[in-house]
1. Since Ala151 meets every condition but one in (1) over 20 Å from Thr48 (Cβ atoms); (2) touching a residue at least 40 places away in the same chain (Cβ under 8 Å); (3) surrounded by 15 or more Cβ atoms within 10 Å (Cβ to Cβ), which condition does it not meet?
2. Scanning the range 269-316 for residues that are modelled with pLDDT of 95 or more and of a type in the set (S, T, N, Q), which turns out farthest from the chain's Cα centre (by Cα)?
3. Among the residues of the range 282-323, which ones are under 21 Å from Leu79 (Cβ atoms) and either of a type in the set (A, V, I, L, M, F, W, C) or without any contact (Cβ under 8 Å) to a residue 12 or more places away in the chain (or both)?
4. Please determine, by comparing only the residues of the range 51-95 that are assigned to a loop (DSSP other than H, G, I, E, B) and hydroxyl-bearing (Ser, Thr, Tyr), which one is surrounded by the fewest Cβ atoms within 10 Å (Cβ to Cβ).
5. Regarding Glu236, is this residue part of a loop (DSSP other than H, G, I, E, B) and not small (Gly, Ala, Ser)?
6. Name the one entry in Arg60, Arg81 that is touching a residue at least 40 places away in the same chain (Cβ under 8 Å) and either under 30 Å from Pro254 (Cα atoms) or of a type in the set (D, E, K, R) (or both).
7. Please enumerate the residues belonging to the range 180-239 that are under 18 Å from the mean Cα position of the chain (by Cα), surrounded by fewer than 21 Cβ atoms within 10 Å (Cβ to Cβ) and on the phi > 0 side of the Ramachandran plot.
8. Does the range 96-116 hold any residues that are surrounded by fewer than 24 Cβ atoms within 10 Å (Cβ to Cβ), not in a helix (DSSP H, G or I) and not acidic (Asp, Glu), and which are they?
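The values are calculated or read from the model by the stated rules, or taken from the named source; none is laboratory data. Given the structure is predicted, the values throughout are model-derived calculations rather than measurements. For neighbour counting, all protein chains shown are included, and Cβ atoms are generated from backbone atoms with ideal geometry for every residue, glycine included.
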Amino acid sequence: MISHDEAVRLIEGAPEGLDDLLARAASVRDAHGRVVTFSAKVFVPLTTLCRDDCGYCTFRRDPGQPGAHTMTPEEVIALCRAGARLGAKEALFSLGDRPEARFAEHREFLKSRGHRTTLSYVREVCATTLAESGLLPHVNPGLMAERDLAALREVSVSMGLMLETTSERLLAPGGAHHRAPDKVPRRRLKTIELAGKLAIPFTTGILIGIGETPRERADALVAIRDLHERYGHVQEVIVQNFRAKPFIPMRDAPEPTFDALLRALAVARLVLPPDVALQAPPNLSPRLYPQLLAAGLNDWGGISPLTPDHINPEKPWPGLVELRRATESAGFVLRERLAIYPNVTARPEFLDETLRARVAALVDTDGLVRQSHEHWRRW
């Protein structure tokens, strides 16, 4: 692993050039194997309501707007069962931060179902998913206090919260996070830290191109590394590139160059310990898979046979036949994983005891999905 100073030097454009940096990152990845993983998932947009207004978001809606919806447990189970029939193993729950703090309509919805908070409702729906479908929940519900994390730990195999950036500047007027109280970096780092204290397998990452500097990208990666070194719970880091879309405040903002994405990926691979997987969403860089692999990537993230990427709905998932061909052409083996990573499944303290048997039934001795379960070959 490299120092913070070297990370800054490399991400800002060190004299030795991008090709040398990519080769260095790839050699670090290759020293720990040439298996590239993905998770077969169903994307569950539990509620599109959110109290934050990020400058780049197309997911959130206000009550009454087209697409504004909070799913019922019945809708969730129908979706999860349909995904299970196609071979999915993961139910990825995505939702806005604390919509009940902003919208009376959502408070009424929760009250009608016996809840005061969205996080309490998430727990109920995850428990129902476990009981009535074959899928394992992974939850991305925003900021969480310790009691919320502990409650959700009982009904999910992993959780996630994108750090996005450590830049406080983006909270200022005109910044991407100006109207987003839940994007204060120290609050997000606190949630990630609490997850570590509770031994929760965790996903986080950075979002590049939202107004942060290359140095601030390095700052965020080092902050993630420091928390993982303390608690050992960060199982994957996503390096996601901003994509401009119509109807968002940042619709005219320049997207980061592909070279900037590759540089951030390579530096992430050199900053992070080898047991932390590195991911870039393949649908945001279509048909550029060999270059992403060359930057040290070793995971494609969640791919769905059924549901779109509700965060970037204009960017369809790649077909797995296409992704497998690209992965194997580059000399790698593509394997399916669960939402909980192989190196974590071997550590019982990182999984609630009520979930251990279900996970064990799906994986082989390497902690990856048993080959006989790889229905994704049909996709």
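1. All conditions pass for Ala151, except number (2).
2. Gln291
3. Of everything in the range 282-323, those that are under 21 Å from Leu79 (Cβ atoms) and either of a type in the set (A, V, I, L, M, F, W, C) or without any contact (Cβ under 8 Å) to a residue 12 or more places away in the chain (or both) turn out to be Ile303, Leu306, Ile311, Trp317, Leu320.
4. Going residue by residue through the range 51-95, those that are assigned to a loop (DSSP other than H, G, I, E, B) are 51-52, 54-69, 71-72, 86-89.
Those still in the list that are hydroxyl-bearing (Ser, Thr, Tyr) too: 56, 58, 72.
On the way: Tyr56: 22, Thr58: 19, Thr72: 13.
Within the range 51-95, the match that is surrounded by the fewest Cβ atoms within 10 Å (Cβ to Cβ) is Thr72.
5. Values: part of a loop (DSSP other than H, G, I, E, B): no; not small (Gly, Ala, Ser): yes.
Considered against the rule, which asks whether it is part of a loop (DSSP other than H, G, I, E, B) and not small (Gly, Ala, Ser), Glu236 comes out as no.
6. Values: Arg60 fails: touching a residue at least 40 places away in the same chain (Cβ under 8 Å).
Exactly one residue qualifies, and that residue is Arg81.
7. Matches in the range 180-239: Ala199, Gly232.
8. Let us first name the residues in the range 96-116 that are surrounded by fewer than 24 Cβ atoms within 10 Å (Cβ to Cβ), namely 97-98, 100-116.
Filter again for not in a helix (DSSP H, G or I), leaving 97-98, 102-103, 113-116.
Of everything in the range 96-116, those that are surrounded by fewer than 24 Cβ atoms within 10 Å (Cβ to Cβ), not in a helix (DSSP H, G or I) and not acidic (Asp, Glu) turn out to be Arg98, Arg102, Phe103, Arg113, Gly114, His115, Arg116.
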